[in-house]
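Enquirer: Have a look at this one.
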Amino acid sequence: MKVIMLGAPGAGKGTQAKKIAAKYQVPHISTGDIFRANIKNGTELGKKAKTYMDQGLLVPDDLVVDLVVDRVNQEDCTKGYVLDGFPRTIPQAEALDKALNDLGQKVDYAINVEVPDENIIERMGGRRACVGCGATYHLVYAPTKKEGVCDTCGRELILRDDDKPETVTKRLNVYHEQTQPLIDYYTQAGILREVDGTVDIEDVFRAITLILGE
Ligand code: AP5
Ligand code: MG
Ligand code: ZN
(Lines give C-alpha, C1' and ligand atoms only; values in the text may rest on other atoms or scores of the structure.)
(Ligands and ions follow the chains in the order given, each with its own letter.)
Protein backbone atom coordinates (compact mmCIF):
# COMPACT_ATOMS: atom_id res chain seq x y z
CA MET A 1 0.00 0.00 0.00
CA LYS A 2 1.50 3.29 -1.11
CA VAL A 3 -0.15 6.37 0.30
CA ILE A 4 0.57 10.09 0.09
CA MET A 5 -0.75 12.41 2.81
CA LEU A 6 -1.75 15.85 1.55
CA GLY A 7 -2.92 18.79 3.61
CA ALA A 8 -2.00 22.17 5.03
CA PRO A 9 0.62 22.53 7.76
CA GLY A 10 -1.03 21.28 10.95
CA ALA A 11 -3.86 19.48 9.16
CA GLY A 12 -2.90 16.27 10.95
CA LYS A 13 -0.85 14.53 8.25
CA GLY A 14 1.75 13.32 10.75
CA THR A 15 -0.84 12.25 13.33
CA GLN A 16 -2.73 10.16 10.78
CA ALA A 17 0.38 8.87 8.97
CA LYS A 18 1.64 7.33 12.23
CA LYS A 19 -1.67 5.56 12.74
CA ILE A 20 -1.70 4.28 9.15
CA ALA A 21 1.88 3.02 9.54
CA ALA A 22 0.97 1.14 12.72
CA LYS A 23 -2.25 -0.42 11.41
CA TYR A 24 -1.04 -1.41 7.95
CA GLN A 25 2.55 -2.20 8.97
CA VAL A 26 4.28 0.11 6.49
CA PRO A 27 7.04 2.68 7.14
CA HIS A 28 6.05 6.29 7.84
CA ILE A 29 8.27 8.58 5.78
CA SER A 30 8.08 12.23 6.85
CA THR A 31 10.43 14.63 5.06
CA GLY A 32 9.88 17.17 7.86
CA ASP A 33 10.98 14.57 10.45
CA ILE A 34 14.01 13.62 8.32
CA PHE A 35 15.06 17.29 8.11
CA ARG A 36 14.52 17.83 11.84
CA ALA A 37 16.64 14.75 12.63
CA ASN A 38 19.39 16.14 10.37
CA ILE A 39 19.21 19.52 12.09
CA LYS A 40 19.47 17.87 15.48
CA ASN A 41 22.51 15.87 14.35
CA GLY A 42 24.15 18.94 12.78
CA THR A 43 24.55 17.41 9.29
CA GLU A 44 25.24 19.47 6.15
CA LEU A 45 21.73 18.69 4.89
CA GLY A 46 20.31 19.84 8.22
CA LYS A 47 22.22 23.13 8.08
CA LYS A 48 20.95 23.83 4.56
CA ALA A 49 17.35 22.84 5.35
CA LYS A 50 17.18 24.88 8.56
CA THR A 51 17.64 28.24 6.83
CA TYR A 52 14.49 27.57 4.76
CA MET A 53 12.43 25.86 7.45
CA ASP A 54 12.91 28.63 10.01
CA GLN A 55 11.46 31.10 7.51
CA GLY A 56 8.48 28.89 6.74
CA LEU A 57 9.76 28.33 3.20
CA LEU A 58 10.08 25.04 1.34
CA VAL A 59 13.47 23.41 1.12
CA PRO A 60 14.56 23.38 -2.57
CA ASP A 61 13.26 20.41 -4.57
CA ASP A 62 16.73 19.07 -5.39
CA LEU A 63 17.49 18.58 -1.68
CA VAL A 64 14.30 16.60 -1.14
CA VAL A 65 13.72 14.42 -4.18
CA ASP A 66 16.86 12.24 -4.04
CA LEU A 67 16.36 11.73 -0.34
CA VAL A 68 12.86 10.33 -0.80
CA VAL A 69 13.72 8.29 -3.89
CA ASP A 70 16.58 6.64 -1.96
CA ARG A 71 14.27 5.99 0.97
CA VAL A 72 11.49 4.28 -1.02
CA ASN A 73 14.13 2.07 -2.62
CA GLN A 74 15.03 0.53 0.72
CA GLU A 75 14.13 -3.01 1.68
CA ASP A 76 11.41 -2.13 4.21
CA CYS A 77 9.44 -0.24 1.54
CA THR A 78 8.71 -3.19 -0.75
CA LYS A 79 5.23 -3.67 0.75
CA GLY A 80 4.46 0.03 0.71
CA TYR A 81 4.81 3.21 2.75
CA VAL A 82 3.02 6.34 3.80
CA LEU A 83 4.59 9.58 2.58
CA ASP A 84 3.97 12.56 4.86
CA GLY A 85 4.99 16.02 3.66
CA PHE A 86 6.18 14.82 0.26
CA PRO A 87 5.49 15.64 -2.53
CA ARG A 88 4.83 19.30 -1.83
CA THR A 89 5.34 20.84 -5.27
CA ILE A 90 4.39 19.77 -8.80
CA PRO A 91 8.07 19.12 -9.74
CA GLN A 92 8.39 16.84 -6.67
CA ALA A 93 5.24 14.93 -7.70
CA GLU A 94 6.55 14.53 -11.25
CA ALA A 95 9.93 13.34 -9.98
CA LEU A 96 8.23 10.79 -7.71
CA ASP A 97 6.04 9.51 -10.55
CA LYS A 98 9.07 9.09 -12.76
CA ALA A 99 11.12 7.29 -10.09
CA LEU A 100 8.25 4.92 -9.23
CA ASN A 101 7.54 4.29 -12.89
CA ASP A 102 11.17 3.17 -13.31
CA LEU A 103 10.63 0.74 -10.41
CA GLY A 104 7.34 -0.50 -11.87
CA GLN A 105 5.42 0.92 -8.88
CA LYS A 106 2.66 3.46 -8.43
CA VAL A 107 0.93 5.34 -5.64
CA ASP A 108 -2.46 3.90 -4.62
CA TYR A 109 -4.01 6.91 -2.88
CA ALA A 110 -3.33 10.57 -2.18
CA ILE A 111 -5.39 11.42 0.91
CA ASN A 112 -6.15 15.09 1.42
CA VAL A 113 -6.81 15.97 5.06
CA GLU A 114 -8.99 19.07 4.80
CA VAL A 115 -8.79 21.72 7.53
CA PRO A 116 -9.64 25.42 6.99
CA ASP A 117 -6.92 28.01 7.71
CA GLU A 118 -8.82 29.37 10.75
CA ASN A 119 -8.42 26.08 12.63
CA ILE A 120 -4.76 25.70 11.73
CA ILE A 121 -3.33 28.61 13.69
CA GLU A 122 -5.02 27.43 16.89
CA ARG A 123 -3.77 23.88 16.43
CA MET A 124 -0.17 24.87 15.86
CA GLY A 125 0.02 27.03 18.97
CA GLY A 126 -0.96 24.01 21.07
CA ARG A 127 1.27 21.47 19.38
CA ARG A 128 4.20 20.12 21.37
CA ALA A 129 6.96 17.88 20.02
CA CYS A 130 9.30 15.58 21.95
CA VAL A 131 13.00 16.54 21.83
CA GLY A 132 13.92 12.85 22.06
CA CYS A 133 11.73 10.74 19.78
CA GLY A 134 9.85 13.43 17.82
CA ALA A 135 6.39 12.28 18.96
CA THR A 136 3.75 15.00 18.58
CA TYR A 137 1.07 16.02 21.06
CA HIS A 138 -1.45 18.80 21.54
CA LEU A 139 -2.10 20.61 24.81
CA VAL A 140 -5.87 20.21 24.34
CA TYR A 141 -6.55 17.65 21.58
CA ALA A 142 -3.82 15.07 22.22
CA PRO A 143 -2.42 15.67 25.72
CA THR A 144 0.33 13.63 27.35
CA LYS A 145 -0.40 11.61 30.49
CA LYS A 146 2.04 13.77 32.47
CA GLU A 147 2.26 17.46 31.53
CA GLY A 148 5.35 18.48 29.53
CA VAL A 149 6.78 14.94 29.34
CA CYS A 150 6.71 12.51 26.39
CA ASP A 151 4.52 9.41 26.96
CA THR A 152 6.83 7.26 24.87
CA CYS A 153 10.34 8.19 25.99
CA GLY A 154 9.94 10.51 28.99
CA ARG A 155 11.89 13.41 27.46
CA GLU A 156 10.88 17.08 27.44
CA LEU A 157 8.33 18.61 25.04
CA ILE A 158 8.91 21.83 23.08
CA LEU A 159 7.10 24.18 20.68
CA ARG A 160 8.60 23.69 17.21
CA ASP A 161 10.63 26.72 15.99
CA ASP A 162 8.39 27.07 12.94
CA ASP A 163 5.15 26.92 14.97
CA LYS A 164 5.30 30.55 16.03
CA PRO A 165 2.20 32.37 14.69
CA GLU A 166 4.07 34.56 12.13
CA THR A 167 5.84 31.54 10.65
CA VAL A 168 2.62 29.51 10.57
CA THR A 169 0.96 32.25 8.47
CA LYS A 170 3.91 32.17 6.08
CA ARG A 171 3.73 28.36 5.83
CA LEU A 172 0.03 28.56 5.05
CA ASN A 173 0.70 31.00 2.20
CA VAL A 174 3.43 28.76 0.84
CA TYR A 175 1.04 25.80 1.10
CA HIS A 176 -1.67 27.55 -0.92
CA GLU A 177 0.77 28.66 -3.60
CA GLN A 178 2.98 25.61 -4.02
CA THR A 179 1.31 22.54 -2.51
CA GLN A 180 -2.43 22.97 -3.07
CA PRO A 181 -2.01 22.51 -6.87
CA LEU A 182 -1.23 18.86 -6.07
CA ILE A 183 -4.92 18.34 -5.30
CA ASP A 184 -5.72 18.86 -9.00
CA TYR A 185 -2.69 16.84 -9.99
CA TYR A 186 -3.85 13.75 -8.06
CA THR A 187 -7.50 14.30 -8.95
CA GLN A 188 -6.48 14.04 -12.60
CA ALA A 189 -4.48 10.91 -11.78
CA GLY A 190 -7.70 9.46 -10.31
CA ILE A 191 -6.21 8.68 -6.88
CA LEU A 192 -7.26 11.67 -4.77
CA ARG A 193 -9.46 10.99 -1.72
CA GLU A 194 -10.65 13.65 0.73
CA VAL A 195 -11.28 13.38 4.46
CA ASP A 196 -12.61 16.00 6.88
CA GLY A 197 -9.68 16.85 9.16
CA THR A 198 -11.68 19.00 11.58
CA VAL A 199 -13.28 16.10 13.45
CA ASP A 200 -11.67 14.08 16.28
CA ILE A 201 -8.37 12.31 15.55
CA GLU A 202 -10.05 8.87 15.80
CA ASP A 203 -12.89 9.92 13.48
CA VAL A 204 -10.43 11.18 10.85
CA PHE A 205 -8.66 7.83 11.09
CA ARG A 206 -11.92 5.92 10.70
CA ALA A 207 -12.60 7.82 7.45
CA ILE A 208 -9.11 6.91 6.24
CA THR A 209 -9.54 3.21 7.01
CA LEU A 210 -12.75 3.24 4.99
CA ILE A 211 -10.67 4.36 2.03
CA LEU A 212 -7.72 2.01 2.61
CA GLY A 213 -9.77 -1.01 3.70
CA GLU A 214 -9.71 -2.98 6.95
P1 AP5 B 1 6.56 19.33 7.98
O2 AP5 B 1 7.16 18.79 9.19
O3 AP5 B 1 6.03 18.38 6.96
O4 AP5 B 1 5.45 20.37 8.40
P5 AP5 B 1 4.03 20.72 7.78
O6 AP5 B 1 3.61 20.19 6.49
O7 AP5 B 1 3.97 22.19 7.91
O8 AP5 B 1 3.07 19.93 8.65
P9 AP5 B 1 3.10 19.77 10.15
O10 AP5 B 1 4.03 18.70 10.55
O11 AP5 B 1 3.28 21.12 10.78
O12 AP5 B 1 1.58 19.35 10.40
P13 AP5 B 1 0.88 17.93 10.25
O14 AP5 B 1 -0.09 18.01 9.13
O15 AP5 B 1 1.84 16.81 10.27
O16 AP5 B 1 0.02 17.98 11.59
P17 AP5 B 1 0.18 17.17 12.97
O18 AP5 B 1 -0.25 15.76 12.78
O19 AP5 B 1 1.48 17.43 13.62
O20 AP5 B 1 7.60 20.28 7.26
C21 AP5 B 1 8.31 21.26 7.98
C22 AP5 B 1 9.18 22.08 7.03
O23 AP5 B 1 10.14 21.21 6.40
C24 AP5 B 1 8.45 22.74 5.86
O25 AP5 B 1 7.90 23.98 6.22
C26 AP5 B 1 9.58 22.84 4.83
O27 AP5 B 1 10.42 23.92 5.11
C28 AP5 B 1 10.35 21.55 5.05
N29 AP5 B 1 9.90 20.45 4.17
C30 AP5 B 1 9.36 19.25 4.58
N31 AP5 B 1 9.05 18.49 3.51
C32 AP5 B 1 9.39 19.21 2.42
C33 AP5 B 1 9.28 18.97 1.02
N34 AP5 B 1 8.76 17.83 0.53
N35 AP5 B 1 9.73 19.93 0.18
C36 AP5 B 1 10.25 21.07 0.63
N37 AP5 B 1 10.36 21.38 1.94
C38 AP5 B 1 9.93 20.45 2.83
O39 AP5 B 1 -1.00 17.91 13.80
C40 AP5 B 1 -0.86 19.28 14.17
C41 AP5 B 1 -1.37 19.46 15.61
O42 AP5 B 1 -2.78 19.26 15.64
C43 AP5 B 1 -0.79 18.43 16.61
O44 AP5 B 1 -0.59 19.07 17.84
C45 AP5 B 1 -1.88 17.36 16.70
O46 AP5 B 1 -1.89 16.72 17.96
C47 AP5 B 1 -3.15 18.17 16.48
N48 AP5 B 1 -4.18 17.44 15.75
C49 AP5 B 1 -4.01 16.55 14.71
N50 AP5 B 1 -5.20 16.08 14.27
C51 AP5 B 1 -6.16 16.71 15.03
C52 AP5 B 1 -7.58 16.65 15.04
N53 AP5 B 1 -8.27 15.88 14.20
N54 AP5 B 1 -8.23 17.44 15.94
C55 AP5 B 1 -7.54 18.23 16.80
N56 AP5 B 1 -6.18 18.32 16.84
C57 AP5 B 1 -5.50 17.57 15.96
MG1 MG C 1 3.96 16.68 10.41
ZN1 ZN D 1 9.62 11.08 23.09
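The values are calculated or read from the model by the stated rules, or taken from the named source; none is laboratory data. Keep in mind the model is a prediction, meaning the values are calculated, not measured. Virtual Cβ from ideal backbone geometry, glycine too; neighbours counted across all protein chains shown. Only protein heavy atoms, including side chains, enter the accessible area calculation; ligands, DNA and RNA are left aside. Shrake-Rupley method; radii C 1.70, N 1.55, O 1.52, S 1.80 Å.
Enquirer: What whole-number value in Å² describes the accessible area per residue of the stretch 22-171 for a 1.4 Å probe?
Expert: Per-residue accessible area for the stretch 22-171 comes out at 54 Å².
Enquirer: Pick out, from Cys150, Gly85, Ile111, the residue whose Cα sits farthest towards the positive end of the charge dipole of the stretch 81-195, with +1 on the Cβ of Lys and Arg and -1 on the Cβ of Asp and Glu.
Expert: Of the candidates, Cys150 comes out farthest on the positive side.
Enquirer: Can you list the trypsin sites (Lys or Arg not before Pro) in the stretch 103-144 that are in a DSSP coil and have 14 or fewer other beta carbons within 10 angstrom?
Expert: Lys106
Enquirer: What's the local net charge at Ala95, with K and R +1, D and E -1, over the other residues with C-beta under 12 Å away?
Expert: -4
Enquirer: Around Gly42, what is the net charge, scoring Lys/Arg as +1 and Asp/Glu as -1 over all other residues with Cβ under 13 Å from its Cβ?
Expert: Overall, the nearby charge balance is +4.
Enquirer: For the stretch 1-128, what % of the accessible area comes from carbon and sulfur atoms, probe 1.4 Å?
Expert: 50 percent
Enquirer: Can you compute the radius of gyration and Dmax for the stretch 65-153, using only the Cα atoms, both in Å?
Expert: So, for the stretch 65-153, Rg and Dmax equal 17.1, 48 Å respectively.
Enquirer: If you bin every alpha carbon distance in the stretch 1-126 into 10 Å steps from zero, what whole percent lands in each bin?
Expert: The calculated distribution, bin by bin, is 12, 42, 37, 9, 0.
Enquirer: For the chain, give the share of DSSP beta bridges that are antiparallel, in percent and rounded to the nearest 5; count only bridges with both residues there.
Expert: Taking every DSSP beta bridge within the chain, about 30 percent pair in antiparallel fashion.
Enquirer: Next up: For the chain, just the Cα atoms, rotate onto the principal axes and tell me the three extents in Å, largest first.
Expert: If we take the Cα atoms of the chain, the spans are 47, 40, 34 Å.
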